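Sharing a structure with you now.
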Amino acid sequence: MGRGDPPPSPFKGCGPLSRHCLPMEKTTVLITGCSSGIGLGLAARLAADAARRFKGKGVTLRRGDRHPRGSPEPGQAAPCARGWAGAGAGRAAQRHRCQRLRSPAVYATMRDLAKGERLLERLGGCCPDTLEVLQLDVTDPCSLAAAVQQVQGQRLDVLVCNAGVGLMGPLETCSDQAMKTVFDVNLFGAVRTIQAFLPTMKRHRAGRIIVSSSIGGLQGLPFNSVYCASKFALEGLCESLAIVLQPFNIHLTLVECGPVNTSFLAKLQRPDPEGSELQGLDAETQGLYRRYLRHCQSLFHDVAQEVEEVLQVFLEAIGTPCPPLRCVTTQLFAPLSRLRLASPDGSAYVRAMHDFVFGRGEAGGERP
């Protein structure tokens, strides 16, 4: 199978970060989930923007004590990434208090600040004056409150809700806690983040919110029932919210990704096909799950998009004057998506997706 072609661009005549698309003044962006993958790549691209549309004006640092694990208390300054430049990995979580003289334009946030070293490495080991790294756990209201205070007084132009987690496996193996975590991050985390920063955008009657979604928010995927449920809910949330935000000149865009070469697949929670979690599960479902894992490995090996390719969609959503509600990053699943719309009762899609993953006419169980 060859690489899926990118979809036709929904951004009419507007290239990524086109000089004619972005406003001439500084654009301030806050991104969640920047410890790896798309969030890390987007933060690095914006902070290093050659046209300096995200030009910050520098920060002055004062070292403090080691920052405790977990969220800073409301009103407490969060660590600043600039103090990490040149520091070893073992000192990455060391606390730095930032006394702002003037403000950065890209706020890269992550739950675990120790992982900020990866972002600094991407930027050549030094933190530009366009960037500040903040601790933000989207499941923790106190952490969100502290992040809001850090950017208080700034006009936030773009909010990118990128934090997300996955959960794969037979539904019978998904624990209550694992399912709650997926919804707490993917859905309620996005809700909390938007709630925290939306009032400022409304007061300015301008802004845009970009949400990392998934093909799994548009169509059901086997052995991803809970993950897809969280993304379906996210899609409904954003579509409903976009209608209300239109009079405020706030644009909301969902970026729906397919397979992307990041650490997401490796990090998501899933049962080992040979492990104890599948004990007691019927043999046919076990066989289907093993075949699905092989299908995933093949799909990611053959047609997964590179992060840089997906970043172009995010950059266009930031830069174009009137971004669309939905942007799909790959055409790989387009025939299945069209079939889902053309067959209202859903039966044709269910059969086609089964054939796509497990083979036409195959029954359950292992292939010989």
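How large is Rg/Rh for segment 145-263, to two decimals, with Cα atoms and a Kirkwood Rh?
On the way: Rg = 15.5 Å, Rh = 15.2 Å.
Expressed as Rg/Rh, it is 1.01.
Here is a follow-up. So what is the relative contact order of segment 114-190, in percent, for Cα pairs below 8 Å that sit 6 or more residues apart?
28 percent.
Let me ask another. Given LYS115/LYS202; LYS26/LYS180; LYS26/LYS115; LYS180/LYS202, which pairs have Cα atoms separated by over 29 Å?
LYS115/LYS202; LYS26/LYS180; LYS180/LYS202
While we're here: HIS251 accessible area, nearest 10 Å², 1.4 Å probe?
Counting only protein heavy atoms, HIS251 exposes about 50 Å² to solvent.
Could you report segment 121-166's accessible area per residue, 1.4 Å probe, as an integer in Å²?
Value for segment 121-166: 36 Å² per residue.
Just to check I understand the Karplus step: with θ = phi - 60° and J = 6.51 cos²θ - 1.76 cosθ + 1.60, what whole-Hz values come out for segment 106-119, glycine and proline as x?
10, 9, 9, 10, 7, 5, 10, 5, 4, 7, x, 4, 4, 5
Would you kindly derive the ³J(HN,Hα) couplings of segment 274-285 from the backbone phi angles with the Karplus curve 6.51 cos²θ - 1.76 cosθ + 1.60 (θ = phi - 60°), listing them in order in whole Hz, with x for Gly and Pro?
3J(HN,Hα) across segment 274-285, in whole Hz: 9, x, 6, 4, 8, 5, x, 7, 4, 4, 5, 5.
Could you give me D for segment 217-368, from Stokes-Einstein at 10 °C and 1.306 mPa s, where the hydrodynamic radius is the Kirkwood radius over C-alpha pairs? Units µm² s⁻¹, please.
D, rounded to a whole number, is 89 µm²/s.
Once you list every other residue whose beta carbon is under 12 Å from the beta carbon of ALA44, what net charge do they have if Lys and Arg are +1 and Asp and Glu are -1? Could you put the intermediate results ahead of the total?
Working: positive: ARG45, ARG118, ARG122; negative: ASP49, GLU121, GLU308.
Summing Lys and Arg as +1 and Asp and Glu as -1 gives 0.
So for segment 105-184, what are the equivalent ellipsoid semi-axes in whole Å, largest first, each being the square root of 5 times an eigenvalue of the Cα gyration tensor?
29, 17, 10
Of all the accessible heavy-atom surface of segment 201-307, with the other protein chains kept in place and a 1.4 Å probe, what percent is carbon and sulfur?
52
Please identify every one of the trypsin sites (Lys or Arg not before Pro) in segment 264-368 that sits in a loop by DSSP and has no more than 12 other beta carbons within 10 Å of its own beta carbon.
ARG360
Further, regarding this structure: What does the accessible area per residue of segment 211-368 come to in Å², with a 1.4 Å probe and no ligands, DNA or RNA counted?
46
Here's a follow-up. What trypsin sites (Lys or Arg not before Pro) does segment 172-232 have in DSSP loop regions with at most 10 other beta carbons within 10 Å? Don't skip to the answer; put the middle values down first.
Values: sites: LYS180, ARG192, LYS202, ARG203, ARG205, ARG208, LYS231; in loops: ARG205.
Here the trypsin sites (Lys or Arg not before Pro) that fit, given the DSSP loop and packing criteria, are ARG205.
If you don't mind, another one. Looking at segment 266-317, which GluC sites (Glu not before Pro) are in a loop (DSSP not H, G, I, E or B) and have at most 13 other Cβ atoms within 10 Å?
GLU274, GLU306
Amide H of ALA163: which non-local residues (sequence gap of 5 or more, or other chain) have their own amide H closer than 5 Å, using H built in the peptide plane?
THR32, GLY33
Do me a favour and compute the ellipsoid semi-axes for segment 275-323 from its Cα gyration tensor, root of five times each eigenvalue, largest one first, whole Å. Walk me through the numbers before you get to the answer.
Working: eigenvalues 306, 34, 14 Å².
Values for segment 275-323, descending: 39, 13, 8 Å.
For segment 231-247, just list the computed ³J(HN,Hα) in residue order, Karplus coefficients 6.51, -1.76 and 1.60, θ = phi - 60°, integers in Hz, with x standing in for Gly and Pro.
Ordered by residue, 3J(HN,Hα) equals 6, 4, 4, 4, 4, x, 4, 5, 5, 5, 5, 4, 5, 6, 7, 4, x Hz.
The values are calculated or read from the model by the stated rules, or taken from the named source; none is laboratory data. As the structure is a computational prediction, the values presented were derived from the model and not from experiment. Ideal geometry is used to build each Cβ from the backbone, glycine not excepted, and the neighbour counts take in all protein chains shown. Only protein heavy atoms, including side chains, enter the accessible area calculation; ligands, DNA and RNA are left aside. Shrake-Rupley method; radii C 1.70, N 1.55, O 1.52, S 1.80 Å.
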